[in-house]
1. Within region 35-44, track down each residue that is touching a Lys or Arg at 6+ places or on another chain (Cβ under 9 Å) and open to solvent by 10 Å² or more (accessible area, probe 1.4 Å).
2. If Gly467 passes every condition in (1) surrounded by 24 or more Cβ atoms within 10 Å (Cβ to Cβ); (2) more than 16 Å from ligand 1 (Cβ to nearest atom) but one, which one does it miss?
3. Quick check on my filter: what residues within region 219-248 are modelled with pLDDT of 90 or more, farther than 11 Å from Thr16 by Cα and surrounded by 24 or more Cβ atoms within 10 Å (Cβ to Cβ)?
4. Filtering region 96-152 down to residues that are modelled with pLDDT of 95 or more and of a type in the set (Asp, Glu), which residue is nearest to Trp80 (Cα to Cα)?
5. With the requirement that a residue be without any contact (Cβ under 8 Å) to a residue 40 or more places away in the chain, out of contact with any helix residue (DSSP H, G or I) (no Cβ under 8 Å at 6 or more places or on another chain) and assigned to a strand (DSSP E or B), what does region 280-324 give you?
6. Applying the selection to region 33-62, what residues are touching a Pro at 6+ places or on another chain (Cβ under 7 Å) and without any contact (Cβ under 8 Å) to a residue 60 or more places away in the chain?
7. Surrounded by fewer than 22 Cβ atoms within 10 Å (Cβ to Cβ) and not assigned by the TED database to the domain that holds Phe220: which single residue out of Asp496, Asp539, Asp526 fits that description?
8. Does region 542-582 hold any residues that are open to solvent by 30 Å² or more (accessible area, probe 1.4 Å), at pLDDT 80 or above and either closer than 23 Å to Leu20 by Cβ or touching a His at 6+ places or on another chain (Cβ under 9 Å) (or both), and which are they?
Amino acid sequence: MTAFKHALPASNDILTREPLPASQKTYIPGDIHPDIRVPMRAIQLTNGETVTVYDTSGPYTDPTIEIDVAQGIPAIRKPWIDARQDTEAYDGRIIDPKDNGYTNRSQMETAIAGASSLMRQPLRAKTGQNVTQLHYARQGIITPEMEFIAIRENQRRELTRRYLNDAEREHRLKGEHFGANLPEDITPEFVRDEVAAGRAVIPCNINHPESEPMIIGRNFLVKVNANIGNSATTSSIAEEVEKMVWSTRWGADTVMDLSTGKNIHTTRDWILRNSPVPIGTVPIYQALEKVNGVAEDLTWEIFRDTLIEQAEQGVDYFTIHAGVLLRYVPMTTKRVTGIVSRGGSIMAKWCIAHHQESFLYTHFEDICEIMKQYDVSFSLGDGLRPGSLADANDEAQLAELETLGELTKIAWKHDVQVIIEGPGHVPMHMIKENMDKQLEYCHEAPFYTLGPLTTDIAPGYDHITSGIGAAMIGWFGTAMLCYVTPKEHLGLPNRDDVKEGLITYKLAAHAADVAKGHPGARARDDALSKARFEFRWEDQFNLGLDPEKARAFHDETLPRDSAKVAHFCSMCGPKFCSMKISQEVRDYAEQQGLSHQKAVEQGMAEMSQTFKENGSEVYVNVEDITLSS
Ligand code: IRN
Ligand code: FE2
């Protein structure tokens, strides 16, 4: 056994626990299930109002909750899972022998003293039971998870004040939202119905009771996933956990742990026990490690054991590239960028080497049997996604998509939840076609796309090339967006890149939510615009996706504190701010009892006069400003 020294529990201090500026965690109780407490972030404005927004950051931003990473965060779903009485605890046996050489759980627990508290006895479905949310939904059961989601997505809107305005209502009636069909009130029954129809999934493994329920479906808010991976040298629990905490702080709805190499089992335990969001993985990566990176040596048995190992730990969804068929591989030979998916290329290699269909495809029903014992959702991988505009929507991509549709039906037969992964690189004019084909081939199972990047010419800016595609495909019906950072194609993202990627994807997702007419989505835009118009700078910063950056940019040109309340912005200076002029016109017309038109004429004449008196300079020195009014 190799020595592996953990500095345990390292320091909890490196966890980012500061609430966002002017923000406070509030909890909304359930009706059907009164013990539910749905977390929201209430932003306190300077005018006394509060704006409540969706919050993915979990207990980390609640200063009243003590967190010790060596213990894990509170298991809020545990009582709900236990109450269903369809699970049993058992001795989880499967430990990755590559993980520091441990071959059983107790060996590992002794070796990693202090972390043993994180290792729980796993649960699985009792014999003959199926514990998926899809299974419950189809029996007409509204689970606490479903009610939690309804509230999160804006039921009980009297408590969050996220109402539709008239313009939104009209927009929704016009049906300009590409087949999205959102009710004005998102009820638990609506959530149940969408899950039962397969149009939405709730990724929530029974072994991840720490997660706050969320939903992925096109009739709900568009979600964002962030990918994280382990560092070459794992030094402490807290450091690994912090990557996940950092992602959820900036809005990651789910996090995928794409760790490879050493200690992946242990690292995954740490992340899961401390994660308030669902965790996804690509199990073939770990399986490949077990055969020393030789794809041809992979077997069904090794893959199956890896699935069980990760399901016991609590992974909520698995990317499985089961749609890469032997006959599709030759379709990629004439491509500009061939096969760009890591999992896709592993499976293509296996198929060619054995000249057989992959075990992912031939054992698909066996995989379903595992998934339904833990409620792990499928994320059917796009192993043949296009890696360049030239390859978009080509034969290989669409052939695989059809197979994913076929596999969706099989998973649904087992009441196993499914989402479908999508590209990649797709020019704007081909995005709608891709989305429509996905809905058609995959029977409306939720789409989960990587961007898509709308042009290939901007390495270093691919969060933007892909953010454009993400906003479009989100509007057209994609349910979850896999973020892309500025380092895409170039290197590993650091902390700043992760934040940049997330903010970019949150704005893309939100733009899509507004366009789809998600009830209450625009409330935040309206509040921010109002703050901007009324020169409430603090509120403008705090309502934004990135308050720190907004404040820093503003302070760059107007660093004095007084500037934050002054009635001008640095763009036009004090005397030429269009916002100020129009505000003045309103006040002026009211005071003088003038019509709007008259007031404009008179006001403009006065502005013209003032302009001349001040020396007819278009740009004025910030330092010359007198803050008289
Ligand atoms: C998302 C949509 N299409 C691909 N993805 C993500 O890419 C997927 O969820 C996972 O995080 C990663 C898998 O990459 P490969 O193995 O397909 O390259
Ligand atoms: Fe790419």
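1. Once the filter is applied, which keeps residues that are touching a Lys or Arg at 6+ places or on another chain (Cβ under 9 Å) and open to solvent by 10 Å² or more (accessible area, probe 1.4 Å), region 35-44 yields Arg41, Ala42.
2. Only one criterion is unmet by Gly467, namely (2).
3. Answer for region 219-248, where residues must be modelled with pLDDT of 90 or more, farther than 11 Å from Thr16 by Cα and surrounded by 24 or more Cβ atoms within 10 Å (Cβ to Cβ): Asn219, Phe220, Leu221, Val222, Lys223, Val224, Asn225, Ala226.
4. Glu145
5. Answer for region 280-324, where residues must be without any contact (Cβ under 8 Å) to a residue 40 or more places away in the chain, out of contact with any helix residue (DSSP H, G or I) (no Cβ under 8 Å at 6 or more places or on another chain) and assigned to a strand (DSSP E or B): there is none.
6. Correct list: Arg37, Asp55.
7. Values: Asp496 fails: not assigned by the TED database to the domain that holds Phe220; Asp539 fails: surrounded by fewer than 22 Cβ atoms within 10 Å (Cβ to Cβ).
Selected residue: Asp526, the only one of Asp496, Asp539, Asp526 that is surrounded by fewer than 22 Cβ atoms within 10 Å (Cβ to Cβ) and not assigned by the TED database to the domain that holds Phe220.
8. Leu545, Glu548, Lys549, Ala550, Arg551, Ala552, Phe553, Asp555, Glu556
The values are calculated or read from the model by the stated rules, or taken from the named source; none is laboratory data. What you see is a predicted model, and the numbers here were worked out from it, not measured in a lab. All Cβ positions, glycine included, derive from the backbone under ideal geometry; neighbour counts span all protein chains shown. Just the protein is used for accessible areas: all its heavy atoms, side chains included, with ligands, DNA and RNA removed. Shrake-Rupley method; radii C 1.70, N 1.55, O 1.52, S 1.80 Å.
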